[in-house]
Amino acid sequence: MYKTVWILTLLLSGTLMAKEHKLSIVIHGGAGTILKKNLSGKKEAEIRAKLTQALDAGYKVLENGGESTAAVMAAINVMENSPLFNSGKGAVYNKVGKHELDASIMRGSDLQAGAVAGVKKTKNPINAAFEVLKNSPHVMLSGEGADKFAKQQQLEMVNNSYFDTDYRYQQWQAINDKKEVSLSEDLLKTDSKFGTVGAVAIDINGTIAAGTSTGGMTNKAFGRIGDSPIIGAGTYADDRSCGISATGHGEYFIRYAVAHDICARVLYKKNGLNQAANEVINQELVKAGGDGGIIGLDNKGNVVMTFNTAGMYRGFKTSEKKAQVFIYKTN
Ligand code: ASP
């Protein structure tokens, strides 16, 4: 009798210990001077639909028991393949009229990370970053070497002109010529500098992953590398604290090691993720003059979306809440 009770107790505690973690995914599609008056109803609807599609793609992976790295890539791939965001197709132009893309991904269970900087031919830079994580002894590859590595890993390669869009071209010309151009849908005023994409997810095992992918900043010097591929600046994940993906003026995010600073505050100061993000984005960065924001989640799956700009394309979905997307301060 006692033996049966004992076995039953053991089985029960085993089941409880193997309790599944709350699933959660949060994404962004860039921060900036995003104002309702500058965004047509049609464009706004398209952006909201694409963000929802990205959330659904990422969440589906989690729901099927997939890893958070795979969920992050699935969500980011949707945005990379859309001309609406400054990553993959639709990436901004650099000073010499070309596209140079940056991306990184990090896994919080073992602090493994991968990044590519300045790739010109890799269709989905986030996938190349993951290949670096998985199949190379390095953390970051750049330029031609990174493209070559992506090709060796059998990733899809494209000509640099694949990333072209009329809209980004006009934006670049306007900035380059320092003259106003009238665009049919004047997004120029809303996100001409920024528009990176990112995702952070926590899977059934409680592993956090964070990833970021970008074309960088419009009219950047060729060879310029922003915060997005830099682990600790644009991307960070540590299961002991949180996962973060950033967007904004990269030079500030690098100097303030934004993604890592937020996770460090959670880990060492025992701050809640909201407080940590708020102090870094709305206090430290604002004092310094750095525009931008972050999305992230802690190891309980609680989501944060903090920015010091007028708006940030963003959204989340958890096992408790259906997909919700936002553009402006409150909606
Ligand atoms: N952080 C990116 C960079 O500086 C730009 C952005 O987030 O839009 O390259």
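The values are calculated or read from the model by the stated rules, or taken from the named source; none is laboratory data. Not measured: the values here are computed from a predicted model. All Cβ positions, glycine included, derive from the backbone under ideal geometry; neighbour counts span all protein chains shown.
A few comments on the model shown:
- Taking the numbered list (1) buried (at least 20 other Cβ atoms within 10 Å of the Cβ); (2) within 11 Å of the ligand (Cβ to nearest atom); (3) among the aromatic types (Phe, Trp, Tyr) in turn, residue 316 passes all entries but (2).
- For region 252-300, a residue qualifies if it is part of a helix (DSSP H, G or I), β-branched (Val, Ile, Thr) and more than 21 Å from residue 224 (Cβ to Cβ), and the qualifying residues are 262, 266, 280, 281, 286.
- Any hit, region 42-64, residues being of a type outside the set (A, V, I, L, M), surrounded by fewer than 21 Cβ atoms within 10 Å (Cβ to Cβ) and within 22 Å of residue 253 (Cβ to Cβ): no
- Positions within region 170-218 being over 23 Å from residue 126 (Cα atoms), more than 16 Å from the ligand (Cβ to nearest atom) and modelled with pLDDT of 85 or more, in sequence order: 170, 173
- Of all residues in region 226-251, those being within 8 Å of the ligand (Cβ to nearest atom) and either part of a loop (DSSP other than H, G, I, E, B) or free of Cβ contacts under 8 Å to residues at least 60 places away in the same chain (or both) number 8.
- All positions within region 276-308 that are polar (S, T, N, Q) and surrounded by 15 or more Cβ atoms within 10 Å (Cβ to Cβ): 278, 299, 302, 306, 308
- Set 109, 87: member being farther than 12 Å from residue 215 by Cα and among the hydroxyl-bearing types (Ser, Thr, Tyr): 109
- Region 93-132: number of residues that are within 17 Å of residue 200 (Cβ to Cβ), surrounded by fewer than 20 Cβ atoms within 10 Å (Cβ to Cβ) and either in contact with a Lys or Arg (Cβ under 9 Å, 6 or more places away or on another chain) or touching a residue at least 12 places away in the same chain (Cβ under 8 Å) (or both): 3
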